[in-house]
Amino acid sequence: MGQLFVGTFVDTPCPGELRIRQDHLLVVDEKGYITHIAPIHDDSSQSILSGLSSSSPSSSSSSSSIPMELGKHSFLLPVFTDLHIHAAQYLFCGLGLDLPLIEWLERYAYKAEERVDGDPALAERVYGTLVKRLLQNGTGCVSFFGTIGVRSNLILAKKMQEAGLRGFVGKLSMDQSPRPTYGETSASASLDSLNEFLDSLEGYLAQYKPHEKVVEPIITPRYVPVCSDELLGRLKELGDKRGVRVQSHMCEGRDQMGLVYKQRGKRDQDIWNELGFLGPKTLQAHVTYLDDEMIPLIKDREVTIAHCPLSNAYLSEKQFPLREALDKSLNVGLGTDVAGGYTLSIQNQMRQAVIISRLREGARCENMDCSFAESANKGGKNLSVDWVESIYLATRGGKKGMGLGGCLEVGMEFDAQLIELADEGSPSGVGALDLFDLQTRGIDTEEEWKVNVERWWCNGDDRNRKGMWVQGRKVL
Ligand code: GUN
Ligand code: FE
């Protein structure tokens, strides 16, 4: 049965554009794709609505549906996408972030992943809770780093599929682990294990119709220091052969990049490039050291970057040049990098991305070799990013590089969240929002909507989220 929604729809088709469509009708077909979005009074919308009562054959998909009115102070927004998160690390989320990356990995991350792999009941608990929490936070699409164990990755995939959380599950590949009890013994053993995961996942998903499958595998060499050249080369071949996307970490921090250079005598980005990994099916986390030399490699090859601002603030020395990446039209989305970041909330990452960009801009101005009075006129490129651009990153930006939609447009998957700013009875604001002007002026014009969406962007939380759909299925 199709679904119809009437009300206000907000999305970001490109980085600087907040599109607000009031009094629109949106139709979703039985397979969970958007088939119509237009003003309610347009002929096209009216003919759909009149077809509801007359049940004409042309509107059979929606003939049994009753339109859902979104509410006077509510809007539909695409779900958030978390492009980079380590599922098993949710177990110790928040701990040890005073440590440098490599030490943190060895003291916390590998141990937690090993525990999850060794205890299926724990995997069930951690992954079940994680999936539920992500949905509560408005995240409807995820790219996961899992663990090396086949069984726990299958548990994760099942939890996602059952709950309706869309995403990619990356069974980790690492044949050069520094931890004797957590690693793969050779490139061949690693490949065998990955093939077993891919086959098992395919087998499990076979019970679902194509449009019902929301989970896909993604090949996941953890990062260069724990993978042999042989393993990396064979993973690339396997990805090409099976048509599977690839994700990893690239140019994250000084100690990591230094380790790569010490081991291989080459730079991280050169290794990925030489092995042929930099292409449209590759997602790289961080790339905080993105520079003018690297930009063409990422742009021309259509690599997608997961920007994880909170994690970078702890585990990287440099912050990602987001302004430059957006200005060069690179594919960028946001990631929490849990547990390198301590929050599951992509809304927090949006705020964090803006904050970091503003700190970069502040540092740029401070570093100008001129007086305070002169600096305003000195010009140069402002490095800050605004809240609308951050919504783009959290929705369309995150999905675009993964072959998905991320907007509310005909042909795209219907992955949306219902945000309530205020309820009908008392328009003073839901949750943490105190919307004084809403009580007196209402919310009629596009400008009024923009102001209230911005208020929500700053201070809204789970209490404003009243529903969520992934591929048309209600998941919250
Ligand atoms: N590099 C390799 N593994 C990891 C990880 O688990 N987290 C982060 N942030 N970086 C990594
Ligand atoms: Fe990470």
Count, please, the residues in segment 205-237 that happen to be of a type outside the set (Val, Ile, Thr) and either outside the structural domain of Ile102 (by TED's automatic domain parsing) or out of contact with any Leu (no Cβ under 7 Å at 6 or more places or on another chain) (or both). 17
Matching residues, segment 197-246, being touching a Cys at 6+ places or on another chain (Cβ under 9 Å) and within 16 Å of ligand 1 (Cβ to nearest atom): Pro221, Leu235
Select from segment 318-346 the residues that are farther than 17 Å from Tyr127 by Cα and of a type in the set (S, T, N, Q) and write down the one among them that is surrounded by the most Cβ atoms within 10 Å (Cβ to Cβ). Asn331
Test Thr343 against the criterion of being within 16 Å of ligand 2 (Cβ to nearest atom), over 29 Å from Glu212 (Cβ atoms) and not charged (D, E, K, R), and give yes or no. yes
Condition first: within 12 Å of ligand 1 (Cβ to nearest atom) and of a type in the set (Val, Ile, Thr). Now tell me which residues in segment 78-95 satisfy that. Ile85
All positions within segment 250-281 that are in contact with a strand residue (DSSP E or B) (Cβ under 7 Å, 6 or more places away or on another chain) and within 16 Å of ligand 1 (Cβ to nearest atom): Met250, Cys251, Glu252, Asp268, Gln269, Trp272, Phe277
Restricting to segment 86-103, what's the tally of residues that are loosely packed, with under 15 Cβ neighbours inside 10 Å and within 13 Å of ligand 2 (Cβ to nearest atom)? 0
So which pairs qualify, if the first residue must be in segment 358-382 and under 19 Å from Leu322 (Cβ atoms) and modelled with pLDDT of 85 or more, the second must be surrounded by 10 or more Cβ atoms within 10 Å (Cβ to Cβ) and of a type in the set (D, E, K, R), the Cβ gap must be under 6 Å, and the two must be at least 6 apart or on different chains? Asn382/Glu361
Can you name the number of the only condition in (1) closer than 21 Å to Asn331 by Cβ; (2) within 16 Å of ligand 1 (Cβ to nearest atom); (3) without any contact (Cβ under 8 Å) to a residue 24 or more places away in the chain that Arg301 fails? (2)
Please specify each residue of segment 391-414 satisfying the condition of being within 18 Å of Trp457 (Cα to Cα) and assigned to a loop (DSSP other than H, G, I, E, B). Gly406, Cys407
What are the residue pairs meeting all of these: first residue in segment 271-287, first residue at positive phi and assigned by TED's automatic domain parsing to the domain that holds Pro221, second residue modelled with pLDDT of 95 or more and surrounded by fewer than 23 Cβ atoms within 10 Å (Cβ to Cβ), Cβ atoms under 6 Å, and 6 or more apart or on different chains? Gly276/Lys236
Could you please let me know if Thr440 is free of Cβ contacts under 8 Å to residues at least 60 places away in the same chain and assigned to a helix (DSSP H, G or I)? yes
Residue satisfying condition, being under 28 Å from His307 (Cα atoms), out of contact with any Asp or Glu (no Cβ under 7 Å at 6 or more places or on another chain) and surrounded by fewer than 24 Cβ atoms within 10 Å (Cβ to Cβ), within set Lys209, Lys213: Lys213
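The values are calculated or read from the model by the stated rules, or taken from the named source; none is laboratory data. From a predicted model like this one, the values you see are computed outputs, not experimental measurements. With ideal geometry, Cβ positions are generated from the backbone for all residues, glycine too; neighbour counts draw on all protein chains shown.
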